[in-house]
Amino acid sequence: MKAFLFFFVVTIFPFVSNAQKPPKNAKQIILTVDSTKSQETTVKEFVSYLNDRSYEIDNYNKDLGLVTTKGKEVKFWQLRLSVFIENNKIKITGTAFTSMLGIESYWPVENKGSLGSVFVHTWRETNETALNFPHSMIEYR
């Protein structure tokens, strides 16, 4: 039994643990979902899921598979998701923004930055949103 556990930890565990790790500077998350569902069904399910995660839908077109959200507060910033759904692929990107003294600033959501930065907080929220939606595979670009 000890030999089996050692074999698992040394040979298999590294692949399993790194399979979900997003690379630095990733800007897009792609989910592959059940291919037996129609694109329209996938769009409706994802919109419902976003609503459940407290995102307000700003615009969506089920025929084109486009969904955008209104800003959701993440720490001191607002996070807006842009989603493109084509067949069984859900492609997620995001934009973080803030407004101070009437000046708006925007940043693309990206897996980078130091702890406490706009990038870290908004990437974590975007990635959690993707990871918690039922899917069979996740890719990062």
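Some values worked out for this structure:
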{"quantity": "Any hit, region 30-45, residues being of a type in the set (A, V, I, L, M) and farther than 16 Å from HIS135 by Cβ", "calculated": "no"}
{"quantity": "Members of region 5-60 that are under 29 Å from VAL120 (Cβ atoms), modelled with pLDDT under 95 and not polar (S, T, N, Q)", "calculated": "PHE13, PRO14, PHE15, VAL16, ALA19, LYS21, TYR60"}
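The values are calculated or read from the model by the stated rules, or taken from the named source; none is laboratory data. Since we're looking at a predicted model, the values are computed, not measured. Please note: Cβ atoms are built from the backbone with ideal geometry, for glycine as well, and neighbour counts cover all protein chains shown.
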